[in-house]
1. Applying 1/(1 + (r/R0)^6) with R0 = 25 Å to the Cβ-Cβ distance of ARG87 and GLN117, what FRET efficiency is obtained, to the nearest 0.05?
2. Between ALA171, ALA246, ALA89, which gets the highest mean-square fluctuation from a Gaussian network model of the chain, Cα cutoff 10 Å?
3. On the protein heavy atoms, probe 1.4 angstrom, tell me the percent of accessible surface of the chain carried by carbon and sulfur.
4. Equivalent ellipsoid semi-axes for the chain, as square roots of 5 times the alpha carbon gyration tensor eigenvalues: give them largest first, rounded to whole Å.
5. I want to verify the translational diffusion coefficient of region 237-304 in µm²/s; compute it with Stokes-Einstein, Rh as the Kirkwood radius over Cα pairs, at 20 °C and 1.002 mPa s.
6. What's the local net charge at ALA198, with K and R +1, D and E -1, over the other residues with C-beta under 10 Å away?
7. Could you name the aspartates and glutamates whose alpha carbon sits less than 17 Å from that of LYS85, not counting residues in the same chain fewer than 8 places away?
8. Which entries in LYS126/LYS220; LYS102/LYS135; LYS169/LYS273 show an alpha-carbon gap greater than 27 Å?
Amino acid sequence: MVGLDGPDDAAVWRLDGERALVVTTDFFTPVVDSPYEYGAIAAANSLSDIYAMGGQPFLALNIAALPPDLPIEISSEILRGGAEKCREAGVVVAGGHTIQDKEPKFGLVALGFVHPQKMMTKGGAKPGDMLLLTKPLGFGVTTTALKRGVAAPEDVSEVIGWMSRLNAKAAQLTNEFGVRAGTDITGFSLLGHGWEMARASGVRFRLEFSRIPFISCARKYAEQWIFPGGSADNRLFYGEHVHFNAGISEVEQMLLFDAQTSGGLLLSVPVGKLSTFEQRAAELGQPVWVIGDVAEGAGLTVVR
């Protein structure tokens, strides 16, 4: 059902009229100092692509590349962090594979199920829909500040809390309300993933900067120009597809190109369902922010 044709978040294979298999994989180098938290974030990030398709993960395999001289206490904590995050998601870790490498890398092969008629893709946004985000931005600048040794402990704690958070309740909402268009915000940034979604849907996305949420320290590190290399790459690659209205500073633009790890879901919700969607999200304890809307046309516009 979903393969190499489009830029979606996972492959989807129809098993029968009631079930489709969702398959994905992701892994990366450490973004935080704590081995346990690194493992948990990597697992949450890997499972996110299942949720981004509207699916429910059920099985995972570890992928790990570890230095041969890495103390066993560190490698075991990485695996424990991933395993406990999977347990929180109701996912069985059924093994995996490990190789040697100079720098640690960890993630999952993740499998999930979705009803063929309830699947989300990047190509389902319709003019008139509202655009919702389920986690704030600013993870890239903050983890880069950590790598440079200038991040405050309270800022590190805040960003770890968000990156470790599963997108499970957000996916539950999409199923309950029949949302068919969405993606998760990761390395290509809000603007990169948002533009991919707008292009796949044949529409124009209009984002309001003043309504986009950021973690509390994001602006502080952005003004020091502490961005990961991926954020600059995003601006170079996606910049030509994005129009910024006057009054949005260069720092603010870069915050929207900031490469995220284990970010939230960007959802296109029919306007008639918005009020009850927000009410149900509050009942589930799932944050949601309305950050823009969908219009006819093409590309992506950011207004103040």
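1. Details: r = 30 Å, r/R0 = 1.18.
In this case the efficiency is close to 0.25.
2. Taking springs between Cα atoms under 10 Å, the residue moving most is ALA246.
3. On the way: 6900 of 12660 Å².
Looking at the chain in its full context, I get 54 percent from C and S.
4. Working: eigenvalues 165, 126, 54 Å².
Result for the chain: semi-axes of 29, 25, 16 Å.
5. On the way: Rh = 14.5 Å.
Answer from the Stokes-Einstein relation: 148 µm²/s.
6. Working: positive: LYS122, ARG199, ARG204, ARG206; negative: GLU196.
It works out to a net charge of +3.
7. Excluding near neighbours in sequence, the set is ASP26, GLU37, ASP49, GLU77.
8. Details: LYS126/LYS220 36 Å; LYS102/LYS135 33 Å; LYS169/LYS273 17 Å.
Flagged as over cut-off: LYS126/LYS220; LYS102/LYS135.
The values are calculated or read from the model by the stated rules, or taken from the named source; none is laboratory data. These numbers come from a predicted model, not from an experiment. Using ideal geometry, Cβ is built from the backbone for each residue, glycine included, and neighbour counts are taken over all protein chains shown. Each accessible area value is taken on the protein alone, full model and side chains, heavy atoms only, with ligands, DNA and RNA left out. Shrake-Rupley method; radii C 1.70, N 1.55, O 1.52, S 1.80 Å.
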